[in-house]
Amino acid sequence: MLALIAGQLAVGCALWLAIAGLVIFVPVVVSHALYLRGRHGLALTPTGVRLYGWGDAQVDWKDIRESRVFIRGSYIHLGIVPLEPVRVRRRWQRLSAWRKEVAFPAQLLIGNPFIAVLTVKQYVEAADRRAEIGTEPELIRVLAGWHAA
């Protein structure tokens, strides 16, 4: 009789563990699958910086306090720190007050994340060069600067 009760208890416990696993892990897998679809990366425009990925954040040049590379968990991230979180425009939600930067994994970049940060810093400091973003002469200048670094 005791073996029968122990067997039923083990089956019930295994069932609850399976349900808990589904409740916890399915939303995580779905959210990561949604994150991975679509375009990802960094775009510099004459008006500001766009981070494509989860929420597609956009920050105007005048609203950037700092750009930096940092480690969160086991990933290297590129982050843009705005003057105020409410100045960040996102596709789905605003940047919360406790989150101090907009960031995405640097592995999504083709090149070196430190060079990307230096390029963002150059455009934050040199407002006169922003209008030339996207032109061939500006691309040549930026690439020459990257090779010199």
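What FRET efficiency would be calculated for the residue pair Arg90, Lys121, taking the C-beta separation as r and a Förster radius of 25 Å, to the nearest 0.05? Working shown, then result.
Values: r = 22 Å, r/R0 = 0.90.
After rounding to 0.05, the efficiency reads 0.65.
Tell me the net charge near Glu132. Cut-off is 11 Å between Cβ atoms, Glu132 excluded, with +1 for each Lys or Arg and -1 for each Asp or Glu.
Values: positive: Arg129, Arg130, Arg141; negative: Asp128, Glu136, Glu138.
Every neighbour counted, the sum reads 0.
Which ³J(HN,Hα) values, rounded to whole Hz and listed in residue order, are derived for the range 103-118 from phi using the Karplus coefficients 6.51, -1.76 and 1.60 in 6.51 cos²θ - 1.76 cosθ + 1.60 with θ = phi - 60°, glycine and proline given as x?
Per residue, the Karplus-derived 3J(HN,Hα) values read 9, 8, x, 5, 5, 6, 7, 6, x, 6, x, 5, 5, 4, 5, 4 Hz.
Using Cα pairs under 8 angstrom and six or more residues apart, how large is the relative contact order of the range 41-148, in percent? Please report the intermediate quantities before stating the final value.
On the way: 161 pairs, mean separation 27.0, N = 108.
In percent, rounded to a whole number, it is 25.
Computed from the coordinates by the stated procedures, all read-outs in this text should not be read as laboratory data. A quick note: this is a predicted structure, and the numbers were derived from the prediction, not measured. Glycine gets a Cβ as well: all are built from the backbone with ideal geometry, and neighbour counts include every protein chain shown.
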